Structure formats: structure tokens, C-alpha cells
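Everything below concerns the one structure shown next.
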Amino acid sequence: MATTIEVLLLDQAEQLAELQERLGYTFSKKELLLLSMTHSSFAFERLENSQHNETLEFLGDAVLDLTIGHMLFTRFPQKREGQLTRIRSALVNETGLAGVARSFELGKYLLLGRGEDSSGGREKSSILSCAYEALIGAMFMDAGYEVVSQHVEKVFTPLIEQQGEKLIHADAKSRLQEHLQEMHNQGPQYFLDHEKGPAHARIFSVSARFQEKILGTGQAGSKKEAEQRAAHAALKFLLEKQKATKK
């Protein structure tokens with residue numbers, strides 16, 4: 001039976017209050033918080049207007065890039081642009097954002113369709129990372145840049161301090177680009193080979209190619225993460241080939 005956002009706000013009031021306590025932020029517009037936790041599988045099954053969190057996710061992705069970019073720029077003025085890009089990419093990839101989502105136990109507050117819920121959707125990195133981006137988008141719409149910036153500083157500063165220089169080397173796509181540019185003055189290309197699964201749980205298969213040769217492939221719940229995995233596989237292949245040539 002279809003329901004409305006207004007009814008859901010009443011039904012989920014306790015859950016939303018608990019989540020806001022975890023976040024340390026109280027939303028003026030609770031419907032934004034609710035929408036950020038509404039997965040498309042739930043919206044298509046239960047909501048009259050089928051609203052879900054994907055547009056907020058789109059916004060949150062851009063806001064995270066800006067706020068983390070600003071934070072890194074001011075924190076590491078001595079680092080080069082390429083290094084800052086790699087640190088940011090490592091922080092905001094699917095694995096990194098899913099880890100942040102788990103620290104707030106976002107899976108507990110997600111509204112999922114029956115099929116997605118029963119198949120372990122609350123623990124899927126692709127769903128959790130998107131939900132966190134949507135949450136950031138909702139926070140931005142509710143309170144603006146300064147509030148989001150404070151949240152990002154609080155959440156991501158410990159991650160940067162814990163992982164340090166490892167973050168510079170974590171972005172496989174940037175490393176592959178640099179490696180091929182150095183060797184051949186030309187970068188790789190990424191191709192979406194195929195995708196499968198229902199709309200709310202797509203699996204993307206991507207290949208990293210150079211001069212029409214496949215160097216590595218990757219699969220993930222988002223194209224971004226699939227590209228990272230393909231790049232990682234390509235790097236591993238190229239470095240092993242390099243070692244074998246030197247022997």
C-alpha cells in the first residue's frame with residue numbers, strides 16, 4: 001500500500017531523532033533527512049510519488065568534493081595538486097564513504113524495499129556510500145555550506161590523521177594515469193562493458209584499456225568504484241610485467 005512522506009515522517013520520528021543525535025545535527029526540514037535515507041527500491045514499492053535519495057546523492061557528491069577539497073587545500077598547502085586529488089579520491093570513493101556511513105550506522109536507518117532488505121542491502125557498500133552522499137546533500141540543503149564544512153572537518157580529519165601518506169597512494173585511477181603518462185605520454189580509457197541486476201542494485205563491469213588492449217577489469221555497485229578496481233587490476237598487471245621484464 002502506497003504511503004506519503006508526511007506519514008513516513010510520523011512513522012520514522014523516533015528513528016530520525018536517533019540518527020540526528022548520532023550526527024550531532026538537528027534538521028530544520030526533517031523531510032530532507034528522511035529522503036536521504038529513502039532508497040529507490042523502497043520508493044518504487046511504497047511511496048506515492050516515488051521520491052528517493054538519488055538527486056540528493058548527486059548534490060552531496062559535489063558538496064563533498066568541494067568541502068574536502070577546501071579542507072585539504074588549507075591543511076596541506078605544500079602538497080601538489082595531484083597529491084591532493086589522490087587524497088580526496090581515496091576519502092570519497094565507495095569504500096571510504098561506506099566506512100563513514102557504517103560509523104554512523106546508517107544501514108539501520110535506511111528505508112529499503114523488501115527484496116533489497118532481504119538480500120543484505122543495509123550492508124552493501126554501494127548503498128551505504130550513496131546514502132551518506134545523500135545525507136550530505138540533505139544537510140547542505142537544510143543549513144548551507146558552513147554546517148556541512150564543520151561536519152566534514154569533524155568526520156574526515158581523524159581519517160586523514162590515521163591513514164596519513166597512505167591516502168596519497170590509494171587512488172588507483174590517478175596512479176595508473178601517471179604510470180602510463182610517464183611511460184607512453186598517454187593515459188588509459190575506461191569502458192563500461194556491461195551492467196546487470198535490478199535498477200536499485202546494479203552491478204557494473206568496467207575495463208581499463210590502453211591502446212585497445214584490456215589491462216584490467218573491475219566490478220562494483222557503482223561505475224566509479226568499478227573503474228577504481230579496474231585501474232587497480234591494470235596497475236598490478238603492468239607492475240608484474242615490469243618486474244618480469246627486468247629479470
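The values are calculated or read from the model by the stated rules, or taken from the named source; none is laboratory data. Owing to the predicted nature of the structure, the values given are computational and were not obtained by experimental measurement. Cβ: placed from backbone, ideal geometry, glycine included. Neighbour counts: every protein chain shown. SASA here: full protein model, heavy atoms, side chains in, ligands and nucleic acids out. Shrake-Rupley method; radii C 1.70, N 1.55, O 1.52, S 1.80 Å.
What's the number of the condition SER41 fails, among (1) farther than 21 Å from SER149 by Cβ; (2) under 18 Å from the mean Cα position of the chain (by Cα); (3) buried (at least 17 other Cβ atoms within 10 Å of the Cβ); (4) not acidic (Asp, Glu)?
(2)
Run ALA226 past the list (1) closer than 19 Å to SER129 by Cβ; (2) open to solvent by 20 Å² or more (accessible area, probe 1.4 Å); (3) modelled with pLDDT of 90 or more and report the number of the one that doesn't hold.
Single failed check for ALA226: (2).
Only one of (1) touching a helix residue (DSSP H, G or I) at 6+ places or on another chain (Cβ under 9 Å); (2) open to solvent by 40 Å² or more (accessible area, probe 1.4 Å) is not met by VAL7, so which one is it?
(1)
Could you list, in sequence order, all residues of the stretch 210-224 that are touching a helix residue (DSSP H, G or I) at 6+ places or on another chain (Cβ under 7 Å) and farther than 20 Å from LEU238 by Cα?
Within the stretch 210-224, ALA220, GLY221, SER222, LYS224 qualify.
Going through the stretch 67-93 one residue at a time, which ones are in a helix (DSSP H, G or I) and out of contact with any helix residue (DSSP H, G or I) (no Cβ under 8 Å at 6 or more places or on another chain)?
THR74, GLU81
Give the stretch 46-62 a look and list any residue that's open to solvent by 10 Å² or more (accessible area, probe 1.4 Å), in a helix (DSSP H, G or I) and at pLDDT 90 or above, or say none.
Listed by number, the residues that qualify are GLU54, THR55, LEU56, GLU57, PHE58, LEU59, ASP61, ALA62.
Condition first: without any contact (Cβ under 8 Å) to a residue 24 or more places away in the chain and under 16 Å from the mean Cα position of the chain (by Cα). Now tell me which residues in the stretch 116-168 satisfy that.
Selection gives ARG122, GLU123.
Conditions tested, residue by residue: (1) open to solvent by less than 60 Å² (accessible area, probe 1.4 Å); (2) not in a helix (DSSP H, G or I).
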position	(1), (2)
ILE160	yes, no
LEU167	yes, no
SER174	yes, no
GLU178	no, no
GLU195	no, yes
GLN219	no, yes
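Tally up the residues in the stretch 38-75 that are free of Cβ contacts under 8 Å to residues at least 60 places away in the same chain, under 18 Å from LEU110 (Cβ atoms) and of a type in the set (D, E, K, R), please.
Result for the stretch 38-75: 0.
Are there any pairs with C-beta distances below 6 angstrom linking a residue in the stretch 20-32 that is closer than 13 Å to TYR109 by Cβ to a residue that is in a loop (DSSP other than H, G, I, E, B) and open to solvent by 70 Å² or more (accessible area, probe 1.4 Å), with the two at least 6 apart or on different chains, and if so which?
Pairs found: GLN20/THR26.
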